[in-house]
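Asks: Could you have a look at this structure, given as structure tokens, before my questions?
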Amino acid sequence: MRIDKFLNAVNITKRRAVAEDMLAHGVIYINGLSVKKSKEVKVGDTVEVKYLEYTDMFKVLQIPTTKSTPKSKQDEYVVKI
């Protein structure tokens, strides 16, 4: 799954447009490398989101098969490191 769709599907970002904007500004990293929106996410990858004052890191547990998942099921797909 593409990183922009993944961020939206597992509720890390509220909208896909927000994820695309964050990727365009280089604040999303996969395994330590800044990526474009077409980068594929795989199980085991580390996704890092660098905000102005703090950084969130997530480990990918599984890839969702649906366009969106309930916020209550987020921990099935990613775990915050």
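Asks: Testing residue 51 on (1) modelled with pLDDT of 95 or more; (2) closer than 21 Å to residue 71 by Cβ; (3) not basic (Lys, Arg), one condition comes back false. Which one is that?
Replies: Result: residue 51 fails condition (1) only.
Asks: Another question, if that's okay. If we scan the stretch 61-77, do we find a residue that is β-branched (Val, Ile, Thr) and touching a strand residue (DSSP E or B) at 6+ places or on another chain (Cβ under 7 Å)?
Replies: The answer is no, given that none of the residues of the stretch 61-77 is β-branched (Val, Ile, Thr) and touching a strand residue (DSSP E or B) at 6+ places or on another chain (Cβ under 7 Å).
Asks: May I ask you to say which residue of 35, 10 is buried (at least 17 other Cβ atoms within 10 Å of the Cβ) and either among the acidic types (Asp, Glu) or within 9 Å of the chain's Cα centre (by Cα) (or both)? Let's see the steps before the verdict.
Replies: Numbers: 35 fails: either among the acidic types (Asp, Glu) or within 9 Å of the chain's Cα centre (by Cα) (or both).
One residue alone meets the criteria, 10.
Asks: Here is a check on your reading of the model: is residue 42 loosely packed, with under 14 Cβ neighbours inside 10 Å and at pLDDT 95 or above?
Replies: yes
Asks: Please give the number of the condition residue 30 fails out of (1) surrounded by fewer than 16 Cβ atoms within 10 Å (Cβ to Cβ); (2) touching a residue at least 12 places away in the same chain (Cβ under 8 Å); (3) within 12 Å of the chain's Cα centre (by Cα).
Replies: (1)
Asks: Are any residues in the stretch 41-81 among the hydrophobic types (A, V, I, L, M, F, W, C) and without any contact (Cβ under 8 Å) to a residue 60 or more places away in the chain, and if so, which ones?
Replies: Matches in the stretch 41-81: 41, 43, 47, 49, 52, 57, 58, 60, 61, 79, 81.
The values are calculated or read from the model by the stated rules, or taken from the named source; none is laboratory data. In this text, all values refer to a predicted model and were calculated from it rather than measured experimentally. Every residue, glycine as well, gets a Cβ built from its backbone with ideal geometry; the counts of neighbours run over all protein chains shown.
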